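I have placed the structure first, in the form of C-alpha cells, so that the comments after it can refer back to it.
The values are calculated or read from the model by the stated rules, or taken from the named source; none is laboratory data. Quick caveat, the model's predicted, so the values are computed rather than measured. All Cβ positions, glycine included, derive from the backbone under ideal geometry; neighbour counts span all protein chains shown.
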Amino acid sequence: MKVILSLALFMLIISKNMDGQSSDSLHKDFELNSISVNFMGSSSLGGVTYERVLSNNLIFEMGLGIVGLGTGLTYYPLKIKKSSFRPYTGIKIGFSVLPEVIVGYGGYIPIGGTFFSKYRINIGFDIGPALGKWVEGGAPPAETDEISGDARIHRIKAYGNIKLGFRF
C-alpha cells in the first residue's frame, strides 16, 4: 500500500512539473487527461482509472476499483497521437481487498495497445506476466511465511486489462 501511494505522489509531482513540456511537445489539440472504465488492470476487477499524459511516450494512471486500487506507468515506443493505434508496455501495481476472502498486492508488465480516436475516445487492451502475494482468509495455507507464520500464496500468472476511456 505504501508503495502505491508513494508512486502515485511521485508521479503527480512529476506531472505538475512537466505540464508545460508535455503540452508543448504533444500536438496542440491532444487532451492530456482521460477517465477510463476498466475491466481488470490497475483498478482491480473492474473500476475507473484516471490517466495523465506526461510526455509524448509516457502516461501515468491511478485506478479505483470494486475491490482495490492501483497505479502504473505506460510507455508508448511510438509517440502518442490521435487517430492511431499505439503499442505499449509499462508497469502496473495494484492492491486488492475482499474482506474475509483475500487481501493482496501484485504487479504486472502489460504488453498491449491503445487506439486514440480523433473523437476523444481511447480503447485499450493488454496482457502480461504478473507476480503477486495474497493472504487468503478461507483457504488452507499453501505455504507459510517463515517470519510471521501467515498463510501466503505467491503466484506468477498472466494478467490483463480492457479499457474504454474519454479524453478531456
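Among the residues of segment 74-100, those that are surrounded by 17 or more Cβ atoms within 10 Å (Cβ to Cβ) and part of a strand (DSSP E or B) comprise T74, R86, Y88, G90, K92, I93, G94, F95, S96. For S43, the conditions (1) closer than 19 Å to F125 by Cα; (2) surrounded by 15 or more Cβ atoms within 10 Å (Cβ to Cβ); (3) modelled with pLDDT of 90 or more are fulfilled apart from (3).
Could you pull out the residue among V53, V37, V48 that is among the β-branched types (V, I, T), modelled with pLDDT of 85 or more, crowded, with 20+ Cβ neighbours inside 10 Å and over 20 Å from A130 (Cβ atoms)? Working first, answer last.
Details: V37 fails: crowded, with 20+ Cβ neighbours inside 10 Å; V48 fails: crowded, with 20+ Cβ neighbours inside 10 Å.
Of the residues listed, the single one that is among the β-branched types (V, I, T), modelled with pLDDT of 85 or more, crowded, with 20+ Cβ neighbours inside 10 Å and over 20 Å from A130 (Cβ atoms) is V53.
Of all residues in segment 86-128, those being of a type in the set (S, T, Y), at pLDDT below 95 and under 18 Å from N57 (Cα atoms) number 0.
Residues of segment 115-134 being over 12 Å from F166 (Cα atoms) and without any contact (Cβ under 8 Å) to a residue 40 or more places away in the chain, which ones? The answer is F125, I127, G128, P129, A130, L131, G132, K133, W134.
Among the residues of segment 129-165, just one is out of contact with any strand residue (DSSP E or B) (no Cβ under 6 Å at 6 or more places or on another chain) and at pLDDT 90 or above, namely P129.
Taken over segment 107-124, the criterion of being touching an Asp or Glu at 6+ places or on another chain (Cβ under 7 Å) and surrounded by fewer than 16 Cβ atoms within 10 Å (Cβ to Cβ) is satisfied by I111, R120. Under the condition of being in a strand (DSSP E or B) and on the phi > 0 side of the Ramachandran plot, the residues counted in segment 115-127 number 0.
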